[in-house]
Amino acid sequence: MELLKQRIRQDGIVKTADILKVDSFLNHQCDITLIEAIATEFKRRFANRPINKIMTIEASGISIACLTAQQFGVPLVFAKKAQSINLEGDVFTARVESFTHRRVFDVILSKKYIGPEDHVLIVDDFLAYGCALYGLIEIAEMAQATIEGIGIVIEKGFQQGGRSLRERGYQIESLAVIESMDPATNTVFFQ
């Protein structure tokens, strides 16, 4: 998706050879026009799938998943990173290691909102090692839901997450796949 690549080149900050900061437009401050274009592209790429739910993990994927759910005309469900007093009843839980936060936490999704009748599209902002996605996949599998595909805004192609998930048979559509990054020149090279 050329619009996304242009925005990454213009406003992305290469912190290290494996950390790209896009918080000015994607996951701290959100450019809703760009996110709407991203959601439209996910709808185009997965239009032939019988998707009835969009699934993500809090917090960075929520804005993307909201507009994607709107494109599909279906609900959004998201796994929470903390138990709250409002989360009642039985829950599905998976352990996830966060690349950016450098910690392991449990993600939780109420059993009321996902089940065997669901055909989910998993959406997230980044794919590096795939840890968050494996947690969401685990929850979907526990719920006996069908995973129709995975939509990723930015994939770090030089890390193994995308490759290992594709080897497991998942249809992954990444809108921008990064081959490498140079922090000295703040340059991102795309596949």
Top-ranked residue in the range 35-86 [being part of a strand (DSSP E or B) and in contact with a Gly (Cβ under 8 Å, 6 or more places away or on another chain); ranked as most open to solvent (accessible area, probe 1.4 Å)]: Phe78
Can you pull out the residues in the range 6-27 that are open to solvent by 40 Å² or more (accessible area, probe 1.4 Å) and touching a residue at least 12 places away in the same chain (Cβ under 8 Å)? Arg7, Arg9, Asp11, Ile13, Lys15, Thr16, Ala17, Asp18, Ile19, Ser24, Asn27
So the strands (runs of 3 or more DSSP E) completely within the range 112-191 holding 1 or more residues that are open to solvent by 10 Å² or more (accessible area, probe 1.4 Å), within 15 Å of Ile19 (Cβ to Cβ) and aliphatic (A, V, I, L, M) are 172-182, 187-190
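I need the full set of residues from the range 1-34 which are assigned to a loop (DSSP other than H, G, I, E, B), closer than 14 Å to Ser60 by Cα and not charged (D, E, K, R), in order please.
Of everything in the range 1-34, those that are assigned to a loop (DSSP other than H, G, I, E, B), closer than 14 Å to Ser60 by Cα and not charged (D, E, K, R) turn out to be Val22, His28, Gln29, Cys30.
Residue by residue, here is whether (1) modelled with pLDDT under 95; (2) under 16 Å from the mean Cα position of the chain (by Cα) holds:
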position: Leu20; (1), (2): no, yes
position: Thr33; (1), (2): no, no
position: Glu41; (1), (2): no, yes
position: Ala47; (1), (2): no, no
position: Ile54; (1), (2): no, yes
position: Phe78; (1), (2): yes, yes
position: Ser84; (1), (2): yes, no
position: Arg103; (1), (2): yes, no
Regarding Ser98, is this residue more than 27 Å from Glu138 (Cβ to Cβ) and without any contact (Cβ under 8 Å) to a residue 40 or more places away in the chain? no
How do the pairs read when you match residues in the range 54-66 that are at positive phi with residues anywhere that are open to solvent by 30 Å² or more (accessible area, probe 1.4 Å) and at pLDDT below 95, using Cβ under 7 Å and keeping only pairs 6 or more apart or on different chains? none
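Looking only at the range 1-25, count every residue that is more than 23 Å from Ala184 (Cα to Cα) and touching a Leu at 6+ places or on another chain (Cβ under 8 Å) and tell me the total.
2
The values are calculated or read from the model by the stated rules, or taken from the named source; none is laboratory data. Because the structure is predicted, anything quoted here is derived from the model rather than measured. FYI the Cβ positions are ideal-geometry reconstructions off the backbone, even for glycines, and counts take in every protein chain you see. Accessible surface is based on the protein model in full, side chains and every heavy atom, while ligands, DNA and RNA are left aside. Shrake-Rupley method; radii C 1.70, N 1.55, O 1.52, S 1.80 Å.
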